[in-house]
Amino acid sequence: MTMKGSVALVTGGSRGIGRAICLELARRGASVAVNYAGNEAAARETVEACRALGAEAEPFRADVSQPEACEELVKAVKDRFGKLDILVNNAGITRDGLLMTAKESDFTQTLDTNLKGAYFCMKAASKLMMRQRFGRIVNLSSVVGLRGNPGQTSYAASKAGILGLTKAAAKELAARGITVNAVAPGFIDTDMTAVLPEKAREAMLSTIPMARPGAPEDVARAVAFFAEQDSAYITGQVLCVDGGMAV
């Protein structure tokens, strides 16, 4: 499989799953726009890693929770690379807390970044992709969006929203050669999960039939599958990368 000549924008691409996605797309020949919110050093590390694989890559700072920033981000990528073929909506945050004690501001911030951010980027990118009559949009959901999880009401709501957003947009954009799919990771080894207490980690692993966490690269390969030109007849689908967790 190759993406030679394609241009991809990955939001939240500076580290973790986002970085793995950037590297996988670069490995397959795509030019990569690495979006980040604040950690410029990490974004530049991702860019250099992509370049080491022989791909063109540039960092782009933008807060995806702001609609104007998303419009400017897509324009900047188009100005730099001439087009945009692949959009991966990966940027996300967690503001965990029990329903009865969680702050409204945490709920709002989570939806603003995770759900509205994907919506804003899709809205901006789809205009360009419709003119091109080609596009691949891949949204990162979560097994939590499918199953729920105690203490993660806001995160679960945002990731469940991604599924509805994906399916509705898939129907709207299909006639223009644009596919919209979602990948739903389970328990993946990242900086975010590394801080979990051992007891919580063990409890999570007990719900996974494969009895182990996944790697960011597992998610990246699933994203790349949807981003390939050969996946032209697949749209509106959700692929769980979770070791059987959501079965």
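The values are calculated or read from the model by the stated rules, or taken from the named source; none is laboratory data. This structure is a prediction, so every number in the text was calculated from the model and none was measured. Cβ atoms come from the backbone with ideal geometry, glycine included; neighbour counts cover every protein chain shown.
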For segment 163-181 the number of residues that are over 16 Å from Ser126 (Cα atoms) and either touching a residue at least 40 places away in the same chain (Cβ under 8 Å) or buried (at least 21 other Cβ atoms within 10 Å of the Cβ) (or both) is 1
Long-range neighbours under 9 Å by Cβ, at least six apart or interchain, first residue within 25 Å of Met204 (Cα to Cα) within segment 233-247, second at pLDDT below 95 and part of a strand (DSSP E or B): Val241/Ile188; Val241/Gly214; Asp242/Ile188; Asp242/Gly214; Gly243/Gly214
Scope segment 25-55; condition more than 16 Å from Gly92 (Cα to Cα), surrounded by fewer than 24 Cβ atoms within 10 Å (Cβ to Cβ) and touching a residue at least 40 places away in the same chain (Cβ under 8 Å); matching residues: Arg28
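I'd like the full set of residues that are surrounded by 22 or more Cβ atoms within 10 Å (Cβ to Cβ) and assigned to a helix (DSSP H, G or I), limited to segment 145-156.
We begin by selecting, within segment 145-156, every residue surrounded by 22 or more Cβ atoms within 10 Å (Cβ to Cβ); these are 145, 152, 154-155.
Correct list: Gly145, Ser154, Tyr155.
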So Lys123 passes all but one of these: (1) farther than 20 Å from Ala169 by Cβ; (2) modelled with pLDDT of 95 or more; (3) of a type in the set (Lys, Arg). Which condition number does it fail? (1)
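Rundown of residues vs (1) in a helix (DSSP H, G or I); (2) touching a Lys or Arg at 6+ places or on another chain (Cβ under 8 Å); (3) within 23 Å of Gly243 (Cβ to Cβ), yes/no style:
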| site | (1), (2), (3) |
| --- | --- |
| Thr110 | yes, yes, no |
| Asn114 | yes, yes, yes |
| Gly117 | yes, no, no |
| Cys121 | yes, no, no |
| Ala125 | yes, no, no |
| Ser158 | yes, no, yes |
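Only residues that are in contact with a helix residue (DSSP H, G or I) (Cβ under 8 Å, 6 or more places away or on another chain) and either hydroxyl-bearing (Ser, Thr, Tyr) or surrounded by fewer than 20 Cβ atoms within 10 Å (Cβ to Cβ) (or both): list them for segment 188-203, please. Working first, answer last.
The initial filter retains those residues of segment 188-203 that are in contact with a helix residue (DSSP H, G or I) (Cβ under 8 Å, 6 or more places away or on another chain), namely 188-193, 196, 201.
Listed by number, the residues that qualify are Asp189, Thr190, Asp191, Met192, Thr193, Leu196, Arg201.
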